[in-house]
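The values are calculated or read from the model by the stated rules, or taken from the named source; none is laboratory data. Everything quoted here is computed from the prediction, not taken from an experiment. As a convention, Cβ positions derive from the backbone with ideal geometry for all residues, glycine included, and neighbour counts pool all protein chains shown. Areas reflect the complete protein model, heavy atoms only, side chains present, ligands, DNA and RNA absent. Shrake-Rupley method; radii C 1.70, N 1.55, O 1.52, S 1.80 Å.
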Amino acid sequence: MPECIELNIENEIAELWLNRPNALNALSAQLVGEVNDALAEVERARPRVFILAGRGERAFCAGADIKEFKPVATTVEARARHYSRNIFDRIEKLPMPTIAAVHGYTLGGGLELALCCDMRIAAENARFGFPETGLGTFPGAGGTQRAPRLIGRSQAMWMIFTGERLNASDALRMGLVNKVVSTDALMGEVCKIASMISANAPLGVQYAKEAILRGEKVPLEEGIRIETDLNMFMDTTDDYAEAARAFIEKRKPVFTGR
Ligand code: CAA
């Protein structure tokens, strides 16, 4: 049984909870290992939506576990340690929509985790920051790459160089989060969004995500070709025909994911 996380998959919605509230859900080696195992389970189960959240009242995640920080003697050792942090890329590559439900401290590696998700919904009490340059390093789990792509180079540089913490409304204004809700309403709002997504055609949602992610890496013209190829495939699906039938029959479509 995992000790530092919880994974619940119900009604095709997966909730992965970071569960070390006494350490503000800091990313210890054990927690990272357990997240890796949970992600393998999510990849197998293929839920419609993946939610990442943190237990306890004070933090989504206060970043890497500083108590486990150990200088290493060689870049070979450092590289081995970096590869053990692959949960970040693995979350980004999940084929279903992913939502980070963030509250309280969302710092360093915790913010980098939230950045791997497709959407971020924040509680009013959320506080965001990159403290790494004050810890003798800099964000190394995607922060220097994903933050500038999301909020622009200058804002990301400001956050990373100063380590200053943002509150939820600053984060919303900057585009770091999609929405801010009251702290009590956070999980209710995230579950509502997950239900809206899962009411839509499974393949439509999945291929839209694929088109967006693949399109980001190529020039527009090539992105449009990717979109066209995937979109032509949609026209052949049962769910596309079902949606038109349901419209004519004035009822809700029953999607099967085929
Ligand atoms: N690693 C390990 N333990 C942590 C932790 C972390 N990142 N953040 C908090 N904790 C622990 C504290 O040590 C404390 O445990 P004890 O009760 O056993 O002492 C407990 O969580 C509660 O924290 P505080 O007593 O410090 O609570 P506070 O309200 O006084 O301060 C805080 C809260 C401002 C978030 C402060 O805990 C803090 O600054 N934490 C570190 C945040 C940080 O710098 N994160 C970035 C790490 S680097 C990274 O993520 C990227 C990388 O890979 C290099």
Proximal charge balance of GLY63 [Cβ under 11 Å; K/R count +1, D/E count -1]: -3
Accessible-area value, ARG245, 1.4 Å probe, nucleic acids and ligands omitted, Å²: 110 Å²
Percentage relative contact order, the chain, counting C-alpha pairs under 8 Å, at least six apart: 14 percent
With DNA, RNA and ligands ignored, accessible area of SER169 (1.4 Å probe; Å², nearest 10): 70 Å²
Global form of segment 5-198, assessed from the alpha-carbon gyration tensor, a/c cut-off 1.5: oblate
C-alpha long axis of helix 186-198 to longest principal axis of the chain, angle in °: 40 degrees
Spin-label model distance (nm) - MET157 vs GLU222, 7 Å beyond Cα toward Cβ: 2.7 nm
Size descriptor, Kirkwood hydrodynamic radius, that averages inverse alpha-carbon separations across segment 146-218, Å: 14.8 Å
ASN125 long-range amide H proximity, modeled H, under 5 Å: GLY104, THR183
Cα-based equivalent ellipsoid of segment 119-258: semi-axis lengths in Å, sorted from largest, via gyration tensor: 37, 22, 10
Linear extension gain, ILE212 paired with LYS192, 0.36 nm per residue minus alpha-carbon span: 4.9 nm
Segment 77-180: radius of gyration and largest Cα-Cα distance (Dmax), Å: 13.1, 40
Prolate/oblate/rounded call for segment 202-249, Cα gyration tensor, a/c under 1.5 rounded: prolate
Solvent-accessible area, 1.4 Å probe, carbon plus sulfur percent, for the chain: 54 percent
Whole-number accessible area per residue in Å² for the chain, which is evaluated in the context of all protein chains at 1.4 Å: 55 Å²
Efficiency of FRET between GLU164 and ARG55 - r from beta-carbon atoms, R0 22 angstrom, step 0.05: 0.25
Length gained when the stretch GLU41-LYS179 is fully extended (0.36 nm per residue, less Cα-Cα span): 46.8 nm
